[in-house]
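Working notes, structure below.
The values are calculated or read from the model by the stated rules, or taken from the named source; none is laboratory data. Source: prediction; values computed, not measured. Because the Cβ atoms are built from the backbone with ideal geometry, glycine has one as well, and the counts that use them run over all protein chains shown. SASA here: full protein model, heavy atoms, side chains in, ligands and nucleic acids out. Shrake-Rupley method; radii C 1.70, N 1.55, O 1.52, S 1.80 Å.
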Amino acid sequence: MSHSSAPHDFRAGIDAGLHDTTLRANFRRAMDGLMTKRARQFEDPQEWTRLRALGQEIRQRALSKLPDLLERLEENCTRNGIRVHWAEDVAQANAIILEILQQRGITTVVKGKSMVSEEMHLNAFLGGHGIRALEADLGEYIIQLAGQMPCHIVMPAIHLNKTQIADLFADKLGTSPDGQDAEALTAIAREKLREEFRTAGAGISGVNFPVAETGTLCLIENEGNGRMVTTVPPVHIAVTGIEKVVENLEDVTPLLRLLTRSATGQPITTYVNMISGPRRGADQDGPQEVHLVLIDFGRSRVYADPETRQTLQCIRCAACMNHCPVYVRVGGHAYGGVYPGPIGKILTPQLNGLADYPDHPSASSLCNACVEVCPVKIPIAQMLVRLRNEKAGQGTGAVQDAGSGASRVEDAAWKAWAATYSTPLAYRVASAALTAAGNALPASAPLLKAWTSVRKKPRFAAQSLHRTLKEMGVADE
């Protein structure tokens, strides 16, 4: 897998997010609402405990049988008339979709919401081959007009308020920016998209849960665009990561209860689509062809390690983002990848490599807020520590680019720190030496320039920490 020319500059993204007061206000308002709605859906702690344990069991069971379930999925989808394609990486997935479209002379497609298609940078790829791809989900349509990446995996345009969206529509669509409330803005987008559904040669969608037992593609949504994308155009292409498969239809119900309540605070989404093949016989609607593209793109490597495999339990609800104090303050674009927030901090480095995203595992206080709300009990904090160790070359080496952040100087410093703090005598000697050295250094010394540029030169304690605590009565003699 190829890397970008330089690692993502996460710190620059953080700085930009922290200084964008409008962004922070938009996020604070949105996240407060989402957290409140979710809490109302899980008011019974016993139900929450039972349901998320069931969700974890379903996802872990599916992952434990993943190779067999994928074969069953292909077999049953094929029996239903769905053509199954396998893609090892993004380039192969894009090539498969391009071939399907070019063989049928299709030059325009409409897309439902799909995070995997974002991983593929599918819109740009198709555009480079003369095929126009138009997002049909309202949030995705907004950020496509803005030329941006999603800021959130459920609500991609959550970082924009209605005034900003009205101004964007005025600039790109020629509408009036004045007096546009949310309902009016939605109506504008619906009017623009309606004709596109009718004339597009193909519809492209994601899949929430491919069901191995029946060869069914489960897709949930709130706006109806997903149903339009998958039924009106003559060709439907569904794309999904290989890890999303579940064993049977019985597994879908509890996962839907967890996903919708965790994501948007709804008991169920407006539309639950179960797609089991193309139009047949006397069917009044539906596509003439249905294709399923199953994408690996690093997932097999994540799957191979029993600990990192837990990352693949994710059902893309974004509850971890909504409750993350880091994400809420810096926004999704700071992360630079398709998946922001806590799940992005563990998934993106594993899929794309630690060399490209070196700072992601460290962008957390390990407060465990994400772990507490994850509906399938992914140990995100534990994964972050694992990735930090892998980056430093202290792990098993199973993660891509393991050891890329290793530093002999840092290793030596930590070993010296451990040796010093494990021996009382060494600690007292080091404290005395640092005190003497600190008091002797001039404020203009190179080591102190950054510090003294913003504050007065610090003075080290005149006595050891142990002695100070002893005098306070909180340390033994």
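Residue by residue, segment 254-261 carries 3J(HN,Hα) couplings of x, 5, 5, 5, 6, 5, 5, 5 Hz when phi is fed to the Karplus relation 6.51 cos²θ - 1.76 cosθ + 1.60 (θ = phi - 60°); x denotes Gly or Pro. Straightening the chain between residue 132 and residue 413 buys 95.7 nm, computed as 0.36 nm per residue apart minus the Cα-Cα spacing.
Annotation for residue 171 and residue 195: the two label points, set 7 Å from Cα along the Cα-Cβ direction, are 2.4 nm apart.
Hey, what's segment 1-139 come to in accessible area per residue, 1.4 Å probe, Å²? Intermediate results must be reported in sequence, preceding the final value.
Numbers: 7250 Å² over 139 residues.
Value returned for segment 1-139: 52 Å² of accessible area per residue.
Antiparallel as a % of all DSSP beta bridges within the chain, to the nearest 5? Restricted to the chain, the bridges split so that about 25 percent are antiparallel.
Between the amide H of residue 132 and those of 108, 109, distances stay under 5 Å, these residues lying 5 or more places away or on another chain, with hydrogens modeled in the peptide plane.
Carbon and sulfur together cover what percent of the accessible area of segment 137-179 at a 1.4 Å probe radius? Can you show the working numbers first?
Numbers: 890 of 1780 Å².
Carbon and sulfur: 50 percent of the exposed surface of segment 137-179.
Electrostatic tally near residue 131: other residues with Cβ closer than 13 Å to its Cβ, Lys and Arg +1, Asp and Glu -1, net +2. In sequence order, segment 193-209 has phi-based couplings of 8, 4, 5, 5, 4, 6, 9, 5, x, 8, x, 10, 9, x, 9, 7, 9 Hz under the Karplus curve 6.51 cos²θ - 1.76 cosθ + 1.60, θ = phi - 60°, and Gly or Pro positions carry x. Projected label points at residue 146 and residue 268, each 7 Å from Cα along the beta carbon direction, are separated by 3.3 nanometres.
Given R₀ = 35 Å, FRET efficiency for residue 68-residue 385 by Cβ-Cβ distance, to 0.05? If you can, show how the numbers build up before the last one.
Working: r = 32 Å, r/R0 = 0.91.
According to the calculation, E is roughly 0.65.
Of all the Cα-Cα pairs you can form in the chain, what percent are over 36 Å apart? Pairs farther apart than 36 Å: 37 percent.
With the simple model of a label 7 Å out from the Cα in the direction of the Cβ, residue 288 to residue 304 spans 4.3 nm. Relative to one another, the C-alpha centroids of segment 93-137 and segment 363-420 are positioned 37 Å apart.
Can you tell me how much longer the chain between residue 104 and residue 124 gets when fully stretched, taken as 0.36 nm per residue apart minus their C-alpha distance, in nm with one decimal?
Numbers: separation 20, 0.36 × 20 = 7.20 nm, distance 1.99 nm.
My answer for the length gained is 5.2 nm.
Centroid-to-centroid, using Cα positions, segment 299-348 and segment 273-298 are 29 Å apart. Put simply, the C-alpha atoms of segment 42-297 give a gyration tensor, and the ellipsoid matching it has half-axes of 29, 25, 16 Å, longest first.
Tally Lys and Arg at +1 and Asp and Glu at -1 over the other residues with C-beta under 10 Å from the C-beta of residue 263: what net charge comes out?
Numbers: positive: 37, 38, 261, 316; negative: none.
My count for the surroundings of residue 263 gives +4.
Summarising the amide proton neighbourhood of residue 85: residues at separation of 5 or more, or on other chains, whose placed amide H is nearer than 5 Å comprise 292, 293, 294.
Surface composition of segment 258-343: carbon plus sulfur atoms hold 51% of the accessible area, using a 1.4 angstrom probe and ignoring ligands, DNA and RNA. Say R0 is 45 Å: what FRET efficiency, to the nearest 0.05, do residue 25 and residue 398 get from their beta-carbon distance? The value I calculate is 0.65.
Taking amide H as placed 1.01 Å from N in the peptide plane, the amide H of residue 216 sits under 5 Å from that of 211, each at least 5 places away or on another chain. Taking the C-alpha atoms only, the angle from helix 341-352 to the longest principal axis of the chain is near 80 degrees.
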